[in-house]
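Notes for the one structure printed next.
A short reminder: the numbers here are calculations on the coordinates, not readings from a lab. Please read these numbers as outputs of a predicted model, since none were measured by experiment. Reconstructed Cβ throughout: ideal geometry from the backbone, glycine too, with neighbour counts over all protein chains shown.
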Number of protein chains: 2
Amino acid sequence: MTEFIPPASRFFPLPSPLSFKRGGALIGARLAYETWGRLSPARDNAILILTGLSPDAHAASHPDDPRPGWWEAMLGPGKPIDSERWFVICINSLGSCKGSTGPASIDPATGEPYRLDFPDLSIEDGADAAHALVGALGIERLACLIGCSMGGMTALAYLLRHPGAAHSHINVSGSARALPFSIAIRSLQREAIRLDPNWREGRYDDTCYPENGMRMARKLGVITYRSALEWHGRFGRVRLDSDRRPDDDPFGLEFEVESYLEGHARRFVRQFDPNCYLYLSRSMDWFDAADYAPPEAGRGNVEAALGQIRLRRALAIGVETDILFPLQQQEEIADGLMRGGSDSQFLPLPSPQGHDAFLVDFSRFGPAIAAFLASL
Amino acid sequence: MTEFIPPASRFFPLPSPLSFKRGGALIGARLAYETWGRLSPARDNAILILTGLSPDAHAASHPDDPRPGWWEAMLGPGKPIDSERWFVICINSLGSCKGSTGPASIDPATGEPYRLDFPDLSIEDGADAAHALVGALGIERLACLIGCSMGGMTALAYLLRHPGAAHSHINVSGSARALPFSIAIRSLQREAIRLDPNWREGRYDDTCYPENGMRMARKLGVITYRSALEWHGRFGRVRLDSDRRPDDDPFGLEFEVESYLEGHARRFVRQFDPNCYLYLSRSMDWFDAADYAPPEAGRGNVEAALGQIRLRRALAIGVETDILFPLQQQEEIADGLMRGGSDSQFLPLPSPQGHDAFLVDFSRFGPAIAAFLASL
């Protein structure tokens with residue numbers, strides 16, 4: 001049971017016990033985080049970044065850890081999220097395995113990993129934990145809260161549960177609730193892990209590890225994170241050279257696109273804990289901002305829920321080719337936040353890279369985020 | 001090892017040995033088929049229907065088998081494919097398990113199922129077998145060749161390899177070649193089956209059966225056969241009643257959409273042979289009409305290949321919400337056939353049901369197909 005903790009992580013001891021929204025509590029839990037830039041004397045220049053399902057807190061290089069981070073092109077001195085102006089915090093999500101407490105962490109009560117004894121994790125638990133860290137850093141109100149993908153859900157939970165906690169918000173390829181197509185995809189990913197005989201109801205170890213289940217889950221993820229359009233241009237029907245094909249497997253890899261998926265999967269399967277994956281994935285299915293709608297708005301009214309959030313400015317960015325968090329979901333966020341009086345903008349981008357565009361299409365995402373932050 | 005043969009199937013003994021495009025041959029192979037209506041004395045009113053991956057030849061009820069077929073609303077007296085005017089043939093694809101010879105059939109040389117000793121199956125092998133049957137029925141030229149989904153590929157192979165074999169053609173949600181998104185999906189479906197420990201390199205039986213792999217493959221299929229739009233309207237975030245939820249499984253079914261997928265999968269896993277699934281699925285990845293392009297057209301030129309087909313009329317129908325055989329692929333077919341001088345029409349339909357729309361959205365597909373056939 002391995003955790004994957006970036007070397008320059010800082011750790012915030014969460015309130016103990018830490019009660020979970022759906023019941024249960026953790027003793028001695030922590031969040032891993034990293035920071036860039038300096039907090040201003042007025043403590044009014046803080047940006048918090050909430051990540052997608054799998055990234056760690058190492059969003060970009062810094063003197064203590066010069067390795068490139070997962071948002072290297074976006075964050076740093078002179079970059080769209082300019083660490084010369086902003087004090088930037090990135091958190092490894094609660095429930096993850098990259099320094100923050102999650103199902104792969106040791107339960108101090110037993111000395112063993114929590115595994116499936118970890119409490120049912122909600123998006124809201126991650127949001128509340130992040131809010132506790134921000135408060136402990138002496139920040140009463142964020143200048144901007146940025147959430148990407150799953151982090152876009154966490155950010156909305158943060159804003160809904162902690163009124164006045166941010167001046168502005170950028171929601172990047174996020175959604176206010178999971179819809180059935182993405183629920184179906186994630187449900188199938190979880191089923192692939194759970195059906196792997198090595199999963200053993202969560203009691204795997206490094207030698208008996210649900211590698212095949214994780215491989216399937218990751219491949220399905222990558223398929224839905226990208227777009228048919230991009231792959232058509234990138235791979236077409238190109239086949240692997242014969243020396244890269246398995247000799248004796250009649251159903252083995254043949255096309256470049258299959259090899260690409262296999263490579264992605266191999267890099268991932270041992271770098272993310274399967275139980276953590278299950279917990280985080282399920283938390284996304286459960287999240288529905290409409291749970292916060294005022295009673296008079298009627299059930300399922302996302303925009304009425306978001307309309308309670310008071311922000312000065314908001315930006316919801318999405319991508320035309322995203323099939324997992326489709327553009328209508330970012331439009332819904334922008335519309336909902338506008339109801340609350342925010343100067344709220346919906347920005348659809350024509351990136352071909354699908355849901356993952358925010359991780360690669362910096363020529364579009366960079367200027368959009370830079371312009372928003374510059375205007376604050 | 002079960003085959004699933006509709007009771008009123010007729011059988012056509014294929015030429016023996018039957019050589020396969022990629023090598024290998026079958027002895028004593030057959031095609032299962034059913035027919036509707038009567039062949040005219042001039043033998044000029046025949047329509048052949050080539051199916052998607054899984055259907056049998058029982059496209060519609062008839063006196064010998066009154067059970068509804070998979071295209072019941074489309075085919076029969078007075079229906080869009082009117083069996084009072086047309087003599088209609090539907091074939092169970094070569095390589096399937098519903099009466100035609102496939103990997104689950106008994107190899108007469110060994111008395112055992114072929115399993116992975118079945119020759120590598122191409123779309124072209126299915127097309128050639130279908131053409132042999134049509135000839136044996138005394139039909140020199142089809143009035144119309146209809147191919148749906150995989151059958152749309154088979155139909156193009158039929159027309160490319162047998163010049164003059166049809167007066168007209170309807171390509172329903174088909175494609176002229178597999179593109180990387182659909183290859184990736186099918187590759188993952190095959191991997192799910194192959195990773196099931198019960199698959200045993202194809203040597204499963206009814207008691208040791210790759211049920212989990214088939215379940216995963218089918219769920220992924222259903223996800224890609226439908227559309228996010230349809231599911232949003234149909235399932236939303238509705239949860240199962242508590243009495244339909246597993247009590248003791250923390251990651252068990254919770255949302256209606258998960259239950260819908262589970263139901264589909266359960267109905268399928270024992271009704272389709274896993275090895276047949278692997279062979280048919282792979283044949284789709286391999287198919288590329290551009291293989292038939294004249295040398296001077298340059299590699300990969302689908303339209304130049306299709307431009308060699310001589311038809312009087314053609315119709316390529318597709319659906320805006322189809323992510324597996326996207327609309328551009330039907331447009332490519334229509335454009336290519338037009339190059340060959342066909343009066344060729346591309347008809348995009350706004351059905352919300354995705355790739356499966358042709359199986360359910362009869363209010364759109366019915367009139368389109370009826371009008372085309374009426375004009376012949």
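A few remarks follow.
- Sorted shortest first, the separations between the B:PRO108 label point and its copies elsewhere in the assembly read 7.6 nm; each point sits 7 Å from Cα along the Cα-to-Cβ line.
- With the charge dipole of chain A set up from +1 on Lys and Arg Cβ and -1 on Asp and Glu Cβ about the Cα centre, the Cα lying farthest toward the positive end among the listed residues A:GLN189, A:PRO66, A:ILE317 is that of A:ILE317.
- Separation between Cα centres of segment A:64-89 and segment B:171-210, rounded to whole Å: 43 Å
- Tensor-based shape of segment A:62-220 (alpha-carbon gyration tensor, a/c under 1.5 rounded, otherwise prolate or oblate): prolate
- Relative contact order (percent, whole number), chain B, Cα cutoff 8 Å, 6+ residue spacing: 18 percent
- For B:ARG239, the residues whose modelled amide H falls within less than 5 Å of its own, excluding neighbours fewer than 5 places apart on the same chain, are B:GLU256.
- For B:LEU349, distant residues with modelled amide H under 5 Å away: B:GLY318, B:VAL319, B:GLU320
- For A:GLY233, inter-copy label distances in nm, listed shortest first [label point 7 Å out on the Cα-Cβ vector]: 3.2
- Estimated 222 nm signal from helices in the protein assembly as shown, with DSSP H stretches of n ≥ 4 weighted -39500 (n - 2.57), rounded to 500: -10500 deg cm²/dmol
- Since only B:GLY213, B:ALA228, B:PRO250 are under comparison, the one whose Cα sits farthest along the positive direction of the charge dipole of segment B:183-280, derived from C-beta charges on Lys, Arg, Asp and Glu, is B:ALA228.
- Average other protein chain Cβ within 10 Å of Cβ, residues B:223-230: 4
- Vicinal HN-Hα couplings computed from phi for segment B:180-190 (Karplus, 6.51 cos²θ - 1.76 cosθ + 1.60; Hz; Gly/Pro x): x, 5, 6, 4, 4, 4, 5, 4, 5, 4, 5
- Residue among A:SER122, A:PRO108, A:VAL134 farthest towards the positive dipole end of segment A:106-158, charges placed on Cβ: A:VAL134
- Of the trypsin sites (Lys or Arg not before Pro) found in segment B:258-320, those in coil by DSSP whose Cβ has at most 11 other Cβ atoms within 10 Å are B:ARG299.
- Unsatisfied cross-links (Cα-Cα over 24 Å) in the set B:LYS98/B:LYS219; A:LYS98/B:LYS219; B:LYS21/B:LYS219; A:LYS98/A:LYS219: A:LYS98/B:LYS219; B:LYS21/B:LYS219
- Simple spin-label estimate for B:ARG10 and A:GLU84 in nanometres, 7 Å along Cα-Cβ: 8.2 nm
- In loop segments of segment B:26-121 as defined by DSSP, the trypsin sites (Lys or Arg not before Pro) with at most 13 further C-beta atoms inside 10 Å of their C-beta are B:ARG38.
- Shown here: the protein assembly as shown, whose C-alpha atoms stretch 94, 54, 50 Å along the first, second and third principal axes, sorted largest to smallest.
- Distances in nm from A:ARG339 to the matching label points in the other copies, shortest first (labels 7 Å along Cα to Cβ): 5.2
- Long-range Cα-Cα pairs in segment A:307-376 (distance over 20 Å), rounded percent: 31 percent
- Candidates B:PRO63, B:PRO119, B:PRO210, ranked by Gaussian network fluctuation over chain B, Cα under 10 Å, top entry: B:PRO63
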